[in-house]
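Please read the structure below before turning to the comments.
The values are calculated or read from the model by the stated rules, or taken from the named source; none is laboratory data. For clarity, every value in this text was computed on a predicted model and none was experimentally measured. We place every Cβ from the backbone using ideal geometry, glycine too, and count neighbours over all the protein chains shown.
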Amino acid sequence: MATTHHLQTPFSDDVIRGLHAEDIVYFDGTLFGIRDLTQIYMFDQGHTPPVSLEGMPCIHTAPSLKKVGDTWEKICVGTTTSTRMDRFTPDLIAQYGVKAIIGKGGLYEGSLKAMQKHAAVYLAIVGGSAALETLQIQEVEAVYWEHLHPEALYKFRVKDFGPLTVAMDSHGRHLFEEVKEETRKRLPEIYQRLGIEA
């Protein structure tokens, strides 16, 4: 039976191990925003983040922000599909201690293995919920590597951020793959009922 968790960052290994696929998560505290170019800059071009990501969640985003003086103001912060950033995730978890990846569509087997080994999770967000996400972000606390904007490294302060579904957990469950497998099993029956030859 799914459990709802209200968490505070940073996340400990014990907290992460206590999350299971299908659980619902809300959290307060720090959330880092990253995207393709952010991670290319980190891993392919060898730049170490100027802030610790240890124990933190990272969301796949390229936010719409406005800079007023020295302050960044939020306009819209949405979430993007995660799969194309899968190659960075095992090192993001193992090397930098990231405990949760937030995005859409899930990740692949290598990322799942890193989550099992290092205690991390993938938290799926509902597509089209950018307006809600933006409201739950209280402040843009910092923008690192501004020259990469809108794919810089963003530090947000959030309140009641969610609902997020634990779609990949540290125990080896992967909801996206489970749904695919169930679909494959049901297809012959569906084809038969529609009078279609598989």
message: Could you go through segment 90-98 and let me know if any residue there is surrounded by fewer than 20 Cβ atoms within 10 Å (Cβ to Cβ) and either modelled with pLDDT under 95 or of a type in the set (A, V, I, L, M) (or both).
response: yes
- line: In the set T89, T134, the lone residue that is touching a Lys or Arg at 6+ places or on another chain (Cβ under 9 Å) and of a type in the set (S, T, Y) is T134
task: Look through segment 30-87, keep the residues that are farther than 25 Å from G128 by Cα and hydrophobic (A, V, I, L, M, F, W, C), and return whichever of them is nearest to the chain's Cα centre (by Cα).
output: L53
- prompt: Hey, does segment 25-39 have a residue that's over 20 Å from Q116 (Cα atoms), surrounded by fewer than 16 Cβ atoms within 10 Å (Cβ to Cβ) and without any contact (Cβ under 8 Å) to a residue 12 or more places away in the chain?
  reply: no
query: All but one of (1) of a type in the set (G, A, S); (2) in a loop (DSSP other than H, G, I, E, B); (3) buried (at least 23 other Cβ atoms within 10 Å of the Cβ) hold for G106; which doesn't?
result: (3)
statement: Residue hits (segment 21-53; touching a Lys or Arg at 6+ places or on another chain (Cβ under 7 Å) and more than 20 Å from V158 (Cα to Cα)) are A21, D36
statement: Condition set in contact (Cβ under 8 Å) with a residue 40 or more places away in the chain and at positive phi, scope segment 113-158, selection surrounded by the fewest Cβ atoms within 10 Å (Cβ to Cβ): answer is W145
task: Mind listing whichever residues of segment 5-60 are closer than 18 Å to H171 by Cβ and either polar (S, T, N, Q) or in a strand (DSSP E or B) (or both)?
output: H5, L7, S12, I24, V25
